[in-house]
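S.K.: I have a structure here, written as structure tokens, and I will follow up with some questions on it.
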Amino acid sequence: MSQGTPFRSGFVTIVGRPNVGKSTLMNAMIREKIAIVSAKPQTTRSRIMGILTDPAYQIVFLDTPGIHQPRTLLGESMMKSVRDAMDGMDCLLMLADVTDLGERDLAIAREMSGKKGPAVLALNKIDLVSRESLLATIERFADCGFDAIVPVSAKTGDGLPELTKTLVSLLPEGPHYFPDDMVTDQPERLLCAEIIREKALLHLRDEVPHGIGVEMMRIAEVREGLTEMHATIYCEREAHKGIIIGRHGAMLQQIGSEARVDIERLMDTHVNLKLWVKVREDWRNRVGELRNLGYE
């Protein structure tokens, strides 16, 4: 940072409909995989922090669940986490998918740009549309009151430097909120549980993923370089349990094998991961179960 240049920092809350790429964008911005991603709606269930630090600035991103009409206590908890993440924010970042725009996006845009403080609209997935279509989309959102509209592709990285520059310009002068080498406040136990849930989301179909929760039961170092982990995957129906386990345990083994690779990369150690599947009927509407799984 050059002499006399103020250090800028602040909290940027990312909002938008489900499946517009919020978690993918945050991961790309901080260049670390902090939030799990999948093609399933409502993959993100709680506020997830990602920290981008530079000699001249520190942006603290708050990734939030997709804005939707809740039908369960879990859904209500998810929407509460969105509201909580917006309290005390320094800038709002709304994300919209240019390949799947609708009136709901415009409604959210008009509501969010009216919040106190600066607001930026990022139009994601520009690698999948023509320039003419993109320009038409920008025009469509032009009167929504955003301080800036930035086209980006979270997948390819196009536009991310410009988005970073725009956000920094809107942040106030401030302190280092977190150490330079810190990229998230998520505890390892929660990160590991989310990795397991991500692998389940990738392989399970229909309504099963929405009723899945993961609880880490045990994390213990067996010896130097080897950690043993026990985790339970909860589902809401007996039929779903059979699907998660699979024929001769094949599905559960695949979920565990893929999760173990990512967990070993995260923790930089060998991992012996053991998974169980249990039925907890209607757990998404039970306060105690939500708290056990870190959603309340």
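All of the numbers you see were taken from the coordinates with simple rules; none came from a lab. What you see is a predicted model, and the numbers here were worked out from it, not measured in a lab. Neighbour counts run over all protein chains shown; Cβ positions are idealised from the backbone, glycine included.
S.K.: At q = 0.11, 0.13, 0.16 Å⁻¹, work out log10 I(q)/I(0) for segment 8-170 with the Debye formula, treating every Cα as an identical point scatterer and leaving solvent out; two decimals please.
M.R.: The calculated log intensity ratios at q = 0.11, 0.13, 0.16 Å⁻¹ are -0.39, -0.55, -0.86.
S.K.: Which shape class, rounded, prolate or oblate, goes with the chain when its Cα gyration tensor gives a ≥ b ≥ c as root eigenvalues, a/c under 1.5 marks rounded, and past that a/b bigger than b/c marks prolate?
M.R.: Prolate shape, in that a/c is at least 1.5 and a/b is the bigger ratio.
S.K.: While we're here: Given the peptides 245-255, 41-51, arrange them by the average over their residues of other C-beta atoms within 10 Å, most packed first.
M.R.: 41-51, 245-255
S.K.: Run the helix sum for the chain: -39,500 (n - 2.57) per DSSP H stretch of 4+ residues, divided by residue count, reported at 222 nm to the nearest 500 deg cm²/dmol.
M.R.: For the chain, the value works out to -10500 deg cm²/dmol.
S.K.: Continuing with the same structure: Select from Met89, Met26, Met78 the residue whose mean-square fluctuation is largest in a Gaussian network model of the chain (Cα-Cα springs shorter than 10 Å).
M.R.: Maximum among the listed residues: Met89.
S.K.: With springs only between Cα atoms under 10 Å apart, run a GNM on the chain and tell me which of Arg223, Arg265, Arg31 wobbles the most.
M.R.: Arg223
S.K.: Run down the lysines and flag those whose C-alpha is under 16 Å from the C-alpha of Lys125, throwing out any fewer than 8 positions away in its chain.
M.R.: Partners found: Lys22, Lys155.
S.K.: Give me the net charge of Val37's neighbourhood, meaning all other residues with Cβ under 11 Å from the Cβ of Val37; Lys, Arg count +1, Asp, Glu -1.
M.R.: Net charge around Val37: +1.
S.K.: For segment 203-264 and segment 26-63, what is the separation of their C-alpha centers, rounded to whole Å?
M.R.: Centre-to-centre distance over Cα atoms comes out at 23 Å.
S.K.: Could you order the peptides 97-105, 256-264 from most to least packed, using the average number of other C-beta atoms within 10 Å per residue?
M.R.: Per-residue Cβ counts within 10 Å, averaged per peptide and sorted highest first, yield 256-264, 97-105.
S.K.: Let me ask something else about it. Please state the relative contact order of the chain as a whole percent: Cα pairs under 8 Å, 6+ residues apart?
M.R.: It comes to 18 percent, rounded to a whole number.
S.K.: If you don't mind, there's one more thing I want to ask. Which ³J(HN,Hα) values, rounded to whole Hz and listed in residue order, are derived for segment 200-206 from phi using the Karplus coefficients 6.51, -1.76 and 1.60 in 6.51 cos²θ - 1.76 cosθ + 1.60 with θ = phi - 60°, glycine and proline given as x?
M.R.: Values, residue by residue: 5, 4, 5, 10, 9, 10, 6 Hz.
S.K.: Something else: Restricting to the chain, compute how many DSSP beta bridges are antiparallel as a %, nearest 5.
M.R.: 35
S.K.: Give me the lysines in straight-line cross-link reach of Lys278: C-alpha distance below 23 Å, same-chain residues under 8 apart excluded.
M.R.: Lys40, Lys199, Lys241
S.K.: Based on the alpha-carbon gyration tensor of segment 158-296 and its eigenvalue square roots a ≥ b ≥ c, which shape applies: rounded if a/c is under 1.5, prolate if not and a/b is larger than b/c, or oblate? Kindly include the intermediate steps, with their values, before the conclusion.
M.R.: Details: a/c = 2.02, a/b = 1.57, b/c = 1.29.
Cα axes put segment 158-296 in the prolate bin.
S.K.: On to the next question. GNM, the chain, Cα, under 10 Å: largest mean-square fluctuation among Val15, Val37, Val222?
M.R.: Val222
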